1. Answer with yes or no whether GLU177 is under 24 Å from ILE250 (Cα atoms), in contact with a Leu (Cβ under 9 Å, 6 or more places away or on another chain), modelled with pLDDT of 95 or more and of a type outside the set (Ser, Thr, Tyr).
2. So which residues in the range 119-130 are touching a residue at least 40 places away in the same chain (Cβ under 8 Å) and either aromatic (Phe, Trp, Tyr) or surrounded by 22 or more Cβ atoms within 10 Å (Cβ to Cβ) (or both)?
3. Inside the range 280-305, can you point out the residues that are outside any loop (DSSP other than H, G, I, E, B) and of a type in the set (Val, Ile, Thr)?
4. Within the bounds of the range 195-210, is there any residue that is in a loop (DSSP other than H, G, I, E, B), closer than 30 Å to ARG181 by Cβ and of a type outside the set (S, T, N, Q)?
5. Only residues that are in contact (Cβ under 8 Å) with a residue 24 or more places away in the chain, part of a helix (DSSP H, G or I), closer than 13 Å to GLY29 by Cα and out of contact with any helix residue (DSSP H, G or I) (no Cβ under 8 Å at 6 or more places or on another chain): list them for the range 54-109, please.
6. What residue, of ILE116, ILE175, ILE151, is in contact (Cβ under 8 Å) with a residue 24 or more places away in the chain, surrounded by 22 or more Cβ atoms within 10 Å (Cβ to Cβ) and not aromatic (Phe, Trp, Tyr)?
7. Quick test for you: out of LYS294, LYS282, LYS286, pick the one residue that is farther than 19 Å from PRO12 by Cβ and of a type in the set (D, E, K, R).
8. Among the residues of the range 9-25, is there at least one that is touching a Phe, Trp or Tyr at 6+ places or on another chain (Cβ under 8 Å), assigned to a strand (DSSP E or B), at pLDDT 95 or above and not hydroxyl-bearing (Ser, Thr, Tyr)?
Amino acid sequence: MQYAIRTMRYYPFSRYLREKYGVRIHRLGLNPGFTCPNRDGTLGTDGCIFCNDEGFSRFANMDISLEEQIDISMDFASGRYNAKKFIAYFQTGTGTHNTLTGLKNAYDVIRKYPDIVGLFISTRPDCVDKDRLDLIESYSDDYEVWIEYGIQTVHDDTLTRIGRKHTFSQSRDAILETSGRNIKTGVHLILGLPGENEKHMIDTARTISGLPVSGIKFHALHVLKDTKLEGMYGEGKINLMDFHEYVNIICNILEYIPKDCIILRLVSDAQNGLLVAPGWMKDKQKIINAVEKKLEEHNTFQGALHEIPSSAGGDRIKREG
């Protein structure tokens, strides 16, 4: 049965999948057991100020095989969401931070599951090279293949402030190196990072929109337990966007994103037991509905300002308190 696809003012990932596959597709967030160079001593041991893997993945810090994770997740998604096909999403840790043999052994697990149609790999832009990209591209004959790079921002001073230990130049290089291959490139962006205002965030979105990127995933800066950010928040050193600020900045940013760029996610989520703030993030559908309503009220849409020079536009949708 084919899904009816309603007209929207932005291009969500769900629409892309339904147009391509005609059935409900569900991503399976997996923990391959890889570490992160920013925590295992390769680059550092402190990690990013916001990082707590348990807040994003149900299998973080769990010692069970990838096969078990897939079986559990497929059973759940089939029953809860009536999912028919699946995407294996290597989410926890850094998805390319291992030996080539270790990576291949992990990725190859998906070949045991005929209903898996996609391979998504979340990684850092400083953790890819030609050999790793060659390996990942080798799956594209049989699967839809994406690499999602944790870019977060194009501003190097912010990257230093949040402890990323990579530069935007490295992000640009990774995106360009991936382009031209049979791999779709997604990027993670965090809105509301310490020291950034609306101009910083729009500059990031516009810069990324000028690169060969297939999709963008937006995250709201949020505080998880047992992170450096929790301490900073408790000491009053950071401010978080409220609900209306986030909705408005997303709507502003969408105007600069090319129409054919897939919006992989409008807002992040986290495990309830680990989320410290902001509380409004717990109602993801409310945020999505508010974005759609705001775009309609202002008769605007994704890509509305994409072709306009950088000196124009920028405040089409005013913030509300």
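The values are calculated or read from the model by the stated rules, or taken from the named source; none is laboratory data. As the structure is a computational prediction, the values presented were derived from the model and not from experiment. All Cβ positions, even for glycine, are placed from backbone atoms using ideal geometry, and neighbour counts span all protein chains on display.
1. Spelling it out, it is not the case that GLU177 is under 24 Å from ILE250 (Cα atoms), in contact with a Leu (Cβ under 9 Å, 6 or more places away or on another chain), modelled with pLDDT of 95 or more and of a type outside the set (Ser, Thr, Tyr).
2. PHE120, SER122, ARG124, PRO125, ASP126, CYS127, VAL128
3. Answer for the range 280-305, where residues must be outside any loop (DSSP other than H, G, I, E, B) and of a type in the set (Val, Ile, Thr): ILE287, ILE288, VAL291.
4. Let us first name the residues in the range 195-210 that are in a loop (DSSP other than H, G, I, E, B), namely 195-197, 210.
Filter again for closer than 30 Å to ARG181 by Cβ, leaving 210.
Filter once more, keeping what is of a type outside the set (S, T, N, Q): 210.
Taking every residue of the range 195-210 in turn, at least one turns out to be in a loop (DSSP other than H, G, I, E, B), closer than 30 Å to ARG181 by Cβ and of a type outside the set (S, T, N, Q).
5. Those that are in contact (Cβ under 8 Å) with a residue 24 or more places away in the chain, part of a helix (DSSP H, G or I), closer than 13 Å to GLY29 by Cα and out of contact with any helix residue (DSSP H, G or I) (no Cβ under 8 Å at 6 or more places or on another chain): GLU54, GLY55, GLN69, SER73, MET74, ALA77.
6. Values: ILE116 fails: surrounded by 22 or more Cβ atoms within 10 Å (Cβ to Cβ); ILE175 fails: surrounded by 22 or more Cβ atoms within 10 Å (Cβ to Cβ).
From the options ILE116, ILE175, ILE151, the qualifying one is ILE151.
7. Details: LYS294 fails: farther than 19 Å from PRO12 by Cβ; LYS286 fails: farther than 19 Å from PRO12 by Cβ.
Every option except LYS282 fails the conditions.
8. The initial filter retains those residues of the range 9-25 that are touching a Phe, Trp or Tyr at 6+ places or on another chain (Cβ under 8 Å), namely 9-10, 18, 22-25.
Of the ones still in play, those that are also assigned to a strand (DSSP E or B) are 25.
Still in the running and at pLDDT 95 or above: 25.
Now restrict to residues that are not hydroxyl-bearing (Ser, Thr, Tyr): 25.
Yes.
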